[in-house]
Amino acid sequence: MKDITELFHTKYPLIQGGMANVATHQLAAAVSNAGGLGLIGCGGWDTDRVREEIRKTKELTDKPFGVNIMLMSPYAQALTDLVIEEGVSVVTTGAGNPNPYIEKWHEAGITVIPVVPSVALARRVVRGGADAVVVEGTEAGGHIGELSTFALVPQVADAVDVPVVAAGGIADYRGVDAAFALGAKGIQVGTVLLASKECPVHENYKQKIIKAKDTDTIVTGRETKAPVRVLKNKMAKKYMQLSREGVDLETLERMTLGSLSKAVEEGDVDQGSFMAGQISGLIKELRPVEDILDSLFTNSRFFKEIHS
Ligand code: TUI
């Protein structure tokens, strides 16, 4: 099997999470320039916004980068064509099954790496032609599946014959080594990059991650089709209370509308939705992206072994 850095054309076997509203050209370019595969996270953006982000990323880096398409977005279908028009080299997908698009992406020379939360979906996308899979455990921030990274990664690694990239709960070299020990060939990180100097989120978001302890995340929306892990705050607690009281899904969904922008852009500590993973408690300081990536790999025994 190819080393994953050959698939990505990067120094490190690392993909940046496609964090909605957070993974802009600034973050994508910083990660790519530091030796990882930076991503533009389309989230709920329309095609004009994503085109602009792709073009700005190209101005900031000559290294490879990718685009993450969140398949629940109303713009997902249009974005599947935009990445071809804009000559993007890697596409990752989340929150759905990308199989209907894989053939056209391959014809355009795009490497396709779906994010999956189960063995069944991993098998399905590999049958559909996926070049690798990101296996995301429930420790991750944002929209998540049920299974933990520790249980899921080795099961998917045994089930498919493409490289597995582990995600969810990784923020230092110990997480990297654990992922490799479980059969992963690379890692994806999100939360640790939220606490980077280059990350374009409001300062309050970064401070919330740095101050968080192990038990400070909560999963909202378990009763919907899209459970989401966020840092606890007034908004998350209110949501949980209303959900316990049996308030209808529509009211709950209305409550969360725009709450991610309130966190990312306004730093509204009470009403924002601060998506973040369980590993937030391990993150103690703001660092440049380059320091984060170097420290993930220079102390990793597996990485040293592979590249010695
Ligand atoms: O997609 C993510 N994480 C995200 S997307 C997002 S934006 C959002 N905001 C509010 C509600 C919903 C989304 C924030 N964080 N991670 C990858 C991921 N994919 N996690 C889980 C899945 C997934 C779930 C079901 C992938 C495929 C899937 O398939 C269902 C099917 O169609 O078979």
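The values are calculated or read from the model by the stated rules, or taken from the named source; none is laboratory data. Every value quoted in this text rests on a predicted model; they were computed, and no experiment measured them. In this analysis, Cβ positions are derived from the backbone assuming ideal geometry, glycine residues included, and neighbour counts consider all displayed protein chains. Surface areas here come from the heavy atoms of the whole protein model, side chains and all, with no ligands, DNA or RNA. Shrake-Rupley method; radii C 1.70, N 1.55, O 1.52, S 1.80 Å.
Since only 187, 241, 154 are under comparison, the one whose Cα sits farthest along the positive direction of the charge dipole of the stretch 154-293, derived from C-beta charges on Lys, Arg, Asp and Glu, is 241.
Once backbone amide H atoms are built at 1.01 Å from N, residue 134 has 115, 116, 165 as its partners under 5 Å, excluding neighbours fewer than 5 places away on the same chain.
Need one word for the stretch 60-109: rounded, prolate or oblate. Basis is the Cα gyration tensor (sqrt eigenvalues a ≥ b ≥ c); a/c below 1.5 gives rounded, then a/b vs b/c decides. Can you show the working numbers first?
Details: a/c = 1.86, a/b = 1.43, b/c = 1.31.
Prolate shape, in that a/c is at least 1.5 and a/b is the bigger ratio.
Normalised by 2.2 N^0.38 Å, where N is the number of residues, the C-alpha radius of gyration of the stretch 203-281 stands at 1.04.
How much length would be gained if the chain were fully extended between residue 106 and residue 250, taking 0.36 nm per residue of separation minus their Cα-Cα distance, in nm to one decimal? Don't skip to the end; give the middle numbers.
On the way: separation 144, 0.36 × 144 = 51.84 nm, distance 3.81 nm.
Length gained between residue 106 and residue 250: 48.0 nm.
Solvent-accessible surface (1.4 Å probe) assigned to residue 70 amounts to roughly 60 Å².
How large is the charge dipole for the stretch 132-242, taken about the Cα centre, if only the Cβ atoms of Lys, Arg (+1) and Asp, Glu (-1) carry charge, to the nearest 20 debye? All intermediate terms of the calculation are to be shown ahead of the outcome.
Working: 14 positive and 12 negative charges, 147 e Å.
So the magnitude is around 700 debye.
Projecting label points 7 angstrom from Cα along Cα→Cβ for residue 298 and residue 211 puts them 3.1 nm apart. Amide hydrogen proximity for residue 276: with H placed 1.01 Å from N in the peptide plane, the residues at 5 or more positions away or on another chain lying under 5 Å are 142, 230, 231.
For the chain, modelled as a GNM whose springs connect Cα atoms under 10 angstrom apart, the maximal fluctuation among 137, 258, 175 occurs at 258. For the chain, the solvent-accessible area with a 1.4 angstrom probe is 43 square angstrom per residue. Rounded to whole numbers, the Karplus 3J(HN,Hα) couplings from phi for the stretch 204-214 are 4, 5, 4, 5, 5, 5, 5, 8, 5, 10, 3 Hz, using 6.51 cos²θ - 1.76 cosθ + 1.60 with θ = phi - 60°, and x at Gly and Pro. Here the stretch 269-290 and the stretch 77-120 have alpha carbon centers that stand 28 Å from each other. The phi-based Karplus calculation (6.51 cos²θ - 1.76 cosθ + 1.60; θ = phi - 60°) puts the 3J(HN,Hα) values of the stretch 249-257 at 4, 4, 5, 5, 5, 4, 4, 8, 4 Hz, whole numbers, x for Gly and Pro. Among the trypsin sites (Lys or Arg not before Pro) in the stretch 1-64, those placed in a DSSP loop whose Cβ has at most 14 other Cβ atoms within 10 Å are 2. The modelled label-to-label distance for the pair residue 284/residue 123, using points 7 Å beyond Cα in the direction of Cβ, is 4.4 nm. Amide H to amide H distances under 5 Å link residue 111 with 90, 91, where only residues 5 or more positions off or on other chains count and H is placed in the peptide plane. Subtracting the Cα-Cα distance of residue 59 and residue 150 from 0.36 nm times their residue separation leaves 28.9 nm of extension gain. If you take the square roots of the eigenvalues of the alpha-carbon gyration tensor of the stretch 170-246 and sort them as a ≥ b ≥ c, do you get rounded (a/c under 1.5), prolate (a/b over b/c) or oblate? Note, shape of the stretch 170-246 comes out oblate. Per the 1.4 Å probe, what fraction of the accessible area of the stretch 203-281, in percent, lies on carbon and sulfur atoms? Ligands and nucleic acids excluded, carbon and sulfur reach 50 percent.
For residue 9 and residue 86, FRET efficiency with R0 = 22 Å and r from the beta-carbon atoms, rounded to 0.05? Provide the component values of the computation, followed by the final result.
Working: r = 18 Å, r/R0 = 0.80.
For residue 86 and residue 9, the calculated efficiency is 0.80.
Each part reduced to its alpha carbon centroid, the stretch 125-151 and the stretch 8-47 end up 17 Å apart. Over the chain, Cα pairs under 8 Å with separation of 6+ residues give a relative contact order of 16 percent.
Legend: residue pairs 197/232; 56/232; 284/304; 197/225; 11/197, Cα-Cα distance threshold 29 Å; pairs beyond threshold, 56/232; 197/225. Mean-square fluctuations from a GNM of the chain, with a 10 angstrom spring cutoff on Cα atoms, peak among 71, 39, 60 at 60.
Apply the a/c threshold of 1.5 to the C-alpha gyration tensor of the chain and tell me whether it is rounded, prolate or oblate.
Numbers: a/c = 1.34, a/b = 1.24, b/c = 1.08.
Judged from the Cα gyration tensor, the chain comes out rounded (a/c under 1.5).
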